[in-house]
1. Being assigned by TED's automatic domain parsing to the domain that holds H24, at positive phi and not in a helix (DSSP H, G or I), is that true of even one residue in segment 111-127?
2. Restricting attention to segment 260-272, which residues are surrounded by fewer than 12 Cβ atoms within 10 Å (Cβ to Cβ) and at pLDDT 95 or above?
3. So which of D220, D211 is at pLDDT 90 or above and either touching a strand residue (DSSP E or B) at 6+ places or on another chain (Cβ under 8 Å) or among the acidic types (D, E) (or both)?
4. Go through the residues of segment 261-281 one by one and say whether even a single one is more than 9 Å from the ligand (Cβ to nearest atom), over 19 Å from H13 (Cα atoms) and touching a strand residue (DSSP E or B) at 6+ places or on another chain (Cβ under 9 Å).
5. Answer yes or no as to whether V99 is within 28 Å of L16 (Cβ to Cβ), surrounded by fewer than 19 Cβ atoms within 10 Å (Cβ to Cβ) and of a type in the set (V, I, T).
6. Select, from C299, C321, C328, the only residue that is buried (at least 16 other Cβ atoms within 10 Å of the Cβ), within 11 Å of the ligand (Cβ to nearest atom), over 30 Å from A61 (Cα atoms) and under 31 Å from the mean Cα position of the chain (by Cα).
7. Going by what's in this entry, would T378 be described as in the same structural domain as A52 (by TED's automatic domain parsing), touching a residue at least 24 places away in the same chain (Cβ under 8 Å) and polar (S, T, N, Q)?
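The values are calculated or read from the model by the stated rules, or taken from the named source; none is laboratory data. Since this is a predicted model, take the numbers as computed values, not measurements. So basically every Cβ, Gly included, is an ideal-geometry build from the backbone, and we count neighbours across all protein chains shown.
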Amino acid sequence: MRATGSLHLGHYHGVLKNWVRLQHEYECFFFVADWHGLTTEYENPQKIEQHAWDLVIDWLAAGVNPGSATLFIQSQVPEHAELHLLLSMMTPLSWLERVPTYKDQQEKLREKDLSTYGFLGYPLLQSADILAYRAGQVPVGADQVAHVELTREVARRFNHLYGREPGFEEAVEAAIKKMGKKQAKIYVGHRRQYQEKGDETALETARALVDSQQNITLGDKERLLGDLEGGGKVILPEPQALLTPASKMPGLDGQKMSKSYGNFISMREEPAEVDSKIRRMPTDPARVRRTDAGNPDNCPVWQFHMVYSDEPTRQWVREGCTSAGIGCLDCKKPIIEAVQEELEPIRKRAEEHLRNPDLVRTIVAEGCEEAREAARATLEEVRASMGLNY
Ligand code: SF4
């Protein structure tokens, strides 16, 4: 998660609840992406440290447990930077330029000069973040799937270039020749289609072609299949995107909850502030007077009921709103109660950690050590495969 300061209910429902669940199902690494923060905040790096601690405190407050998951800060594990640099040598510029968020973000953040080397390279830094741990799955929202895709391509290219034993290529070429001219040409075409464009159908066709060969030995077949998927040895496994279910949590005005829209309730919001923010929420504009009937579908409060209320309460809202039987303040009451109830234990845990910064630092220091150990092992193999272990 990028270091952008303390978190709100949108992050809690969209990301953290999912992390809390995942930490019991997988071996998880969660980190503060402080270097990623620098790609857009390079003019104000002083803010990043406070943002980093705020993030960790909010994770702990949400129930992320350092006993189940590894929590660390990216810049404390320099292996991320080394892997990023090594991968940058073999990643075509065009792969980075075509990542959809590159132009998108430049457009959105026009007030900042993002025509920097670091900003163009940040998806590759993400790839290094993932590949340093040889991660099997990466929990992401739909907008980040392209980044995981890029990581897969980078890993494939790396394995293709450096995952080979001496003499491997000659053996593969000899096996292809044994297929006969026509079949060999088809095979090479499909191989190129898969390795350069990531076309999975081409991969399947090439695999089937290898399987159907009568004139080549089993060893040749294994070599060909290994070659197809990037070489003799997989040094950096290709990760999969683990799609996070889309969060239904809207902002106070019905748009996406975001700090920049000012429509958020922070995870550590004081009870009085929660109360006041929900009371001031806009409602269906058709309900000018208490006696005007409304339509929940035109009201952001209804979207909160979809997150927080059970079926009987929703029924009560629908009937009461459309018949003007209830007022908007009545309608907001169960939401205020539900949000207060949700935030109370979170706020308490956050306060405990705020009172004990040494404990937070120890948790992060231990996480960094664990992360470094895992990343160090990957980098040793990466260096060796590239002949850089002198
Ligand atoms: Fe919105 Fe509830 Fe008021 Fe209807 S009664 S307009 S759903 S706040």
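1. So the first thing to find is which residues in segment 111-127 are assigned by TED's automatic domain parsing to the domain that holds H24, and the list is 111-127.
The next check asks that each one be at positive phi; those that pass are none.
There is no residue in segment 111-127 that is assigned by TED's automatic domain parsing to the domain that holds H24, at positive phi and not in a helix (DSSP H, G or I).
2. As a first pass, look at segment 260-272 and keep what is surrounded by fewer than 12 Cβ atoms within 10 Å (Cβ to Cβ): 260, 262, 270, 272.
Once the filter is applied, which keeps residues that are surrounded by fewer than 12 Cβ atoms within 10 Å (Cβ to Cβ) and at pLDDT 95 or above, segment 260-272 yields E270, A272.
3. Details: D220 fails: at pLDDT 90 or above.
Only one candidate qualifies: D211.
4. Yes, that holds for at least one residue.
5. Working: within 28 Å of L16 (Cβ to Cβ): yes; surrounded by fewer than 19 Cβ atoms within 10 Å (Cβ to Cβ): no; of a type in the set (V, I, T): yes.
Criteria not met by V99.
6. Details: C321 fails: under 31 Å from the mean Cα position of the chain (by Cα); C328 fails: under 31 Å from the mean Cα position of the chain (by Cα).
Just a single option satisfies the conditions, and that option is C299.
7. On the way: in the same structural domain as A52 (by TED's automatic domain parsing): yes; touching a residue at least 24 places away in the same chain (Cβ under 8 Å): yes; polar (S, T, N, Q): yes.
Yes.
Every residue, every condition in (1) touching a Leu at 6+ places or on another chain (Cβ under 8 Å); (2) acidic (D, E), yes or no:
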site: D129; (1), (2): no, yes
site: L150; (1), (2): yes, no
site: L161; (1), (2): no, no
site: V172; (1), (2): yes, no
site: Y187; (1), (2): yes, no
site: H190; (1), (2): yes, no
